[in-house]
Amino acid sequence: MTERLQPRVGARAVIEHEGKVLLLRAEEPGRQYYFLPGGHVQHGERLQEAVLREVKEETGLDVEIVRAL
């Protein structure tokens, strides 16, 4: 039987403050990388709700959505 792949929707935030953009840092053995805060949208969740939730979970910040990119 073939497993069906389910698409997942993601939402990310570009957080700008005083001319700087917030990036999160992650490390794996032998490499380090940076990424925008965000993640997957849960079933029944709006994009705006998801990005606010993910930013809070990952950074502890309460942010305001100014516009969608």
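The values are calculated or read from the model by the stated rules, or taken from the named source; none is laboratory data. Given the structure is predicted, the values throughout are model-derived calculations rather than measurements. Heads up, the Cβs are rebuilt from the backbone with ideal geometry, glycines too, and the neighbour counts pull from every protein chain shown. Note: areas computed on protein heavy atoms with side chains; ligands, DNA, RNA excluded. Shrake-Rupley method; radii C 1.70, N 1.55, O 1.52, S 1.80 Å.
Of note:
- Applying the set (1) assigned to a loop (DSSP other than H, G, I, E, B); (2) touching a residue at least 40 places away in the same chain (Cβ under 8 Å); (3) not aromatic (F, W, Y) to A11 leaves exactly one unmet item: (1).
- Applying the criterion of being outside any helix (DSSP H, G or I) and of a type in the set (S, T, N, Q) to the residues of the range 23-69, the residue that is farthest from the chain's Cα centre (by Cα) is Q32.
- None of T2, T59 is polar (S, T, N, Q) and at pLDDT below 95 except T2.
- When residues of the range 26-36 are limited to those that are among the charged types (D, E, K, R) and open to solvent by 100 Å² or more (accessible area, probe 1.4 Å), the one nearest to I65 (Cα to Cα): E27
- Within the range 9-25, the only residue that satisfies the criterion of being surrounded by fewer than 10 Cβ atoms within 10 Å (Cβ to Cβ) and over 20 Å from V66 (Cα atoms) is R25.
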